[in-house]
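Trainee: This is the structure I want to talk about, given as structure tokens.
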Amino acid sequence: MRIGTLKETYIADAALFDSRTQKAWLAVAAALLVLFPFMASDYWLYLACLVSINVASATGLNILTGYTGLVSLGQAAFMGLGAYTVAILQAKVGTPFLLNILAGGVVAMLGGIVVGVPSLRVKGLYLAIATIAASFIAHFLFANLQFTGGTGGLSVPPASLFGVPLDTSFRLYWLIVPVTILMLLGAANLFRTRIGRAFIAIRDRDISAEVLGIPLLRYKLLSFGLSSFYAGVAGGLWAYFFRVVTPESFPLLMSIFFLAAIIVGGMGSILGGILGAVFMTMVPELLKLVFDLLPNSTEYTVFLSPVRTIIFGLLIIGFLVFEPHGLAEVWRRIRRFFHLWPFRN
Amino acid sequence: MLGAAAAGAASLMHPLSVLAQGAEDIVIGGSIPMTGVFAFAGVGINAGIQDYVKIVNDAGGIKGRKVRYVPEDTGYKVDVSVAAFKKITSQNKVNLYYGDSTGFAKTINPELDRNGNILMAGASFATELNNPQKYPNQFLVGPDYTEMFGILLKHIAKEKPGAKVAFVYSDSEFGRDPIDESEAEAKKLGLNVVVKIMTPPGSVDVSGEVIKLRRAAPDYTIFHGYILAPIPEFITQGKQQGMTSKWMGTFWTMDSSTVMKMGPDGDGFMGVMPFRYYYDTDKAPMLEKIRAMRPEYQSTAYIQGFVAAMLFLESAKRCLDANKPMTGANLKAALNSIKDFDTGGLIGVPITIRGNSIPVGRVYRADMKAQKMVAASDWIKL
């Protein structure tokens, strides 16, 4: 029985994984992630890759909104910047795919820094509206620049590793999931550093943070840059995954999707970004599977589809009403229950 | 959630479910938008495919093989469409597939090429898809958007040689699709494109654009890239400002119920339609069959889905007749062997499919008094 975690040093207190049990479970999770592609159908592999891309982007938004307190509705635009950069480099320059993805992240980061400039003056809803501009400007550029292929967009040749094209969900899994895990580790570590703590200080009270000596503009722009970098990398992975990038691939609704994901999952928590992205991507699919169990469901698809959409909407509302701290808090409560059992339940 | 988990675990074991299905079934998969912005069409498409499959199965199937239709709702989102494709193809040995959008058709194309066993058609009439080299396993159920413009321009050139034409289109992939090529085509036909106006897809206030249009004083104005709005605003304001232009649209605008929503100002609105309307009185045995099955009005999206299923299964039949395995390439070759094929009157003339499209259509005109679309031209083949 485990009733607490004894920490004897500051290093132990700040450790990323703080107990043996946690490390053991993480090892099990890693093993499952390795085994998954060999057991799963193409459909589940597709969903795993899609979830993984969404987790990466949601984590980026969580850095900005959850940890730094800056609301953004431009995440899809930054993903678009990353995706177009990758598409252009892959199709027209032919550089290695890892370099392309990195370049996608950097271009999105630069875009994010520009869009983040108003964050020093405006906050909350005002900033959200300012970031919407990013979506419109990006859409305009994608649709009207010659090298972006106009409204028809660009076809992306598959990434290839040692001559093997990464053109199936199985092969792409080995690119997308490890990159996402690296990004998650990066984000988790970020909040053990001075920069991450500065972000949290800005979120909690930006004036106090400034009094403490944190240069607001620099850190807010850094947060925008990091968040956009995550979006850009996620967009790059998206481009390799879907192999077609058009101006309509990254609508404003997609930014709302990511904002909803971190709210449902739990803002200011790495786990929250993961759980939120999984929830938003998987629940509609799981509802499909549940409805498939009904007799003659195919014949009634036309009636069942709207019902499914309504149930999904109600689930989101339900979570927000009954657990405003998100799924991460539910997870924490479950963990606490097991930690404290049988003394308290 | 437990049910979902159980279902999830079951579908992880996909190879078993594929083996378990009847090996003889001909399977039509479908990414169908039954919710979302395109649901108005998706519901009709779904019913059209479902009905034709029922007709074929009631008649004993194709060479004794039953046809199974497996649709999934997509909400008109590309990622959901792809998920539906993966799910359906993981659980069934799919031969034919109906896709819901240009985005999906383009995204899934590499997968179709790799899979090699599926022939696909769908709701998109994008010009880009009308390319057998780039999209060898796909086809369009009708003319592409440029060909739709071509049919309208041919009609205009015949009706009023040297006429002034305006193009009004939405700022979207859908809207911009046929514009450049059609301008060149208009020149070839001796027509004069006097103005091209692009608006945001959902624009409401178009007064500035109407003034621009009135100044150009076109004899014909062709709208493209919209379903309904802002077409009625253009027509109403244009008429109020004394414009005498004839107003025209393309397939997705031309469903009877859509045009009738334009109100009295929409009287005389014309457009291209590759299929017969549900209530057409010309001889069409298949239309009569549809009317017997469904006494209430069925949209042109329904007819489009019905014709798609008809062409799918005709290709499958030809493949089986020739004792060839139903691969994507064989199905496409079978489709391209279709010459002077009678669709039971759903398309008013016998059709021949040479490449990826069926470049034929007819100009219809709205008769608001009768609340019907009436033929304004003969069937025009490009």
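The values are calculated or read from the model by the stated rules, or taken from the named source; none is laboratory data. Since the model is a prediction, treat every value here as computed from it, not as a measurement. Ideal geometry is used to build each Cβ from the backbone, glycine not excepted, and the neighbour counts take in all protein chains shown. Please note that ligands, DNA and RNA were not included when accessible areas were found on the heavy atoms of the full protein model with its side chains. Shrake-Rupley method; radii C 1.70, N 1.55, O 1.52, S 1.80 Å.
Trainee: Of the numbered conditions (1) more than 26 Å from B:I211 (Cβ to Cβ); (2) open to solvent by 10 Å² or more (accessible area, probe 1.4 Å); (3) of a type in the set (F, W, Y), B:F174 satisfies every one except a single condition; which is it?
Mentor: (1)
Trainee: Still on this structure, I have one more. Go through the stretch B:77-101 and give me each residue that's within 11 Å of chain A (Cβ to nearest Cβ) and open to solvent by 30 Å² or more (accessible area, probe 1.4 Å).
Mentor: If the condition is that a residue be within 11 Å of chain A (Cβ to nearest Cβ) and open to solvent by 30 Å² or more (accessible area, probe 1.4 Å), then B:K77, B:V78, B:D79, B:V80, B:T89, B:Q91 are the ones that fit.
Trainee: Here is a follow-up. Kindly indicate whether any position in the stretch A:86-96 is in contact with a Gly (Cβ under 6 Å, 6 or more places away or on another chain) and of a type in the set (S, T, N, Q). Explain how you work it out, then say what you get.
Mentor: Of the residues in the stretch A:86-96, the ones in contact with a Gly (Cβ under 6 Å, 6 or more places away or on another chain) are A:86.
After this cut, where a residue has to be of a type in the set (S, T, N, Q) as well, the list is none.
No.
Trainee: I would also like to ask the following. Go through the stretch A:227-281 and count every residue that is part of a strand (DSSP E or B) and out of contact with any Gly (no Cβ under 9 Å at 6 or more places or on another chain). Don't jump to the end; show me each part of the working.
Mentor: Step one: of the stretch A:227-281, the residues part of a strand (DSSP E or B) are A:244-245.
Pick out the ones that are also out of contact with any Gly (no Cβ under 9 Å at 6 or more places or on another chain) and you get none.
Within the stretch A:227-281, residues that are part of a strand (DSSP E or B) and out of contact with any Gly (no Cβ under 9 Å at 6 or more places or on another chain) number 0.
Trainee: Can you name every residue in the stretch A:129-140 that is open to solvent by 70 Å² or more (accessible area, probe 1.4 Å), aliphatic (A, V, I, L, M) and closer than 14 Å to A:G80 by Cα?
Mentor: Taking the stretch A:129-140 first, the residues open to solvent by 70 Å² or more (accessible area, probe 1.4 Å) are A:129, A:136-137, A:140.
When the remaining residues are screened for being aliphatic (A, V, I, L, M), the result is A:129, A:137.
Answer for the stretch A:129-140, where residues must be open to solvent by 70 Å² or more (accessible area, probe 1.4 Å), aliphatic (A, V, I, L, M) and closer than 14 Å to A:G80 by Cα: just A:I137.
Trainee: If you go through the stretch B:131-138 one residue at a time, do you hit one that is part of a helix (DSSP H, G or I) and open to solvent by less than 10 Å² (accessible area, probe 1.4 Å)?
Mentor: At the first step, the residues of the stretch B:131-138 found to be part of a helix (DSSP H, G or I) are none.
No, that holds for no residue.
Trainee: Would you call A:I274 open to solvent by 30 Å² or more (accessible area, probe 1.4 Å), away from chain B (no Cβ under 14 Å) and under 15 Å from A:S57 (Cα atoms)?
Mentor: yes
Trainee: Considering only residues that are of a type in the set (V, I, T), within 12 Å of chain A (Cβ to nearest Cβ) and over 14 Å from B:A316 (Cβ atoms), look in the stretch B:50-76 and name the one that is least open to solvent (accessible area, probe 1.4 Å).
Mentor: Let us first name the residues in the stretch B:50-76 that are of a type in the set (V, I, T), namely B:53, B:55-56, B:62, B:67, B:70, B:74.
With within 12 Å of chain A (Cβ to nearest Cβ) added as a condition, the list becomes B:53, B:70, B:74.
Add one more test, that the residue is over 14 Å from B:A316 (Cβ atoms), and what stays is B:70, B:74.
Details: B:V70: 25, B:T74: 4 Å².
Per the stated criteria, the residue is B:T74.
Trainee: Could I ask something else about it? Is one or more of the residues making up the stretch A:20-37 exposed (fewer than 14 other Cβ atoms within 10 Å of the Cβ), within 14 Å of chain B (Cβ to nearest Cβ) and not β-branched (V, I, T)? Talk me through it step by step, then tell me what you get.
Mentor: First, pick out the residues of the stretch A:20-37 that are exposed (fewer than 14 other Cβ atoms within 10 Å of the Cβ): A:20, A:23-32, A:34-35.
Of the ones still in play, those that are also within 14 Å of chain B (Cβ to nearest Cβ) are A:32, A:35.
Imposing the further condition that a residue be not β-branched (V, I, T) reduces the set to A:32, A:35.
Within the stretch A:20-37, one or more residues are exposed (fewer than 14 other Cβ atoms within 10 Å of the Cβ), within 14 Å of chain B (Cβ to nearest Cβ) and not β-branched (V, I, T).
Trainee: When the stretch B:354-382 is examined, which residues are found to be touching a strand residue (DSSP E or B) at 6+ places or on another chain (Cβ under 8 Å) and farther than 17 Å from B:R276 by Cα?
Mentor: If the condition is that a residue be touching a strand residue (DSSP E or B) at 6+ places or on another chain (Cβ under 8 Å) and farther than 17 Å from B:R276 by Cα, then B:N356, B:L382 are the ones that fit.
Trainee: Sticking with this structure for a sec: Filter the stretch A:279-314 down to residues that are within 23 Å of the chain's Cα centre (by Cα) and loosely packed, with under 15 Cβ neighbours inside 10 Å, then give me how many there are.
Mentor: 2
Trainee: Of all residues in the stretch A:100-128, how many are open to solvent by 30 Å² or more (accessible area, probe 1.4 Å) and within 18 Å of the chain's Cα centre (by Cα)?
Mentor: Summing the residues that are open to solvent by 30 Å² or more (accessible area, probe 1.4 Å) and within 18 Å of the chain's Cα centre (by Cα) in the stretch A:100-128 gives 4.
Trainee: Is it the case, given these coordinates, that A:F199 is of a type in the set (F, W, Y), in contact (Cβ under 8 Å) with a residue 12 or more places away in the chain and open to solvent by 30 Å² or more (accessible area, probe 1.4 Å)?
Mentor: Details: of a type in the set (F, W, Y): yes; in contact (Cβ under 8 Å) with a residue 12 or more places away in the chain: yes; open to solvent by 30 Å² or more (accessible area, probe 1.4 Å): no.
It is false that A:F199 is of a type in the set (F, W, Y), in contact (Cβ under 8 Å) with a residue 12 or more places away in the chain and open to solvent by 30 Å² or more (accessible area, probe 1.4 Å).
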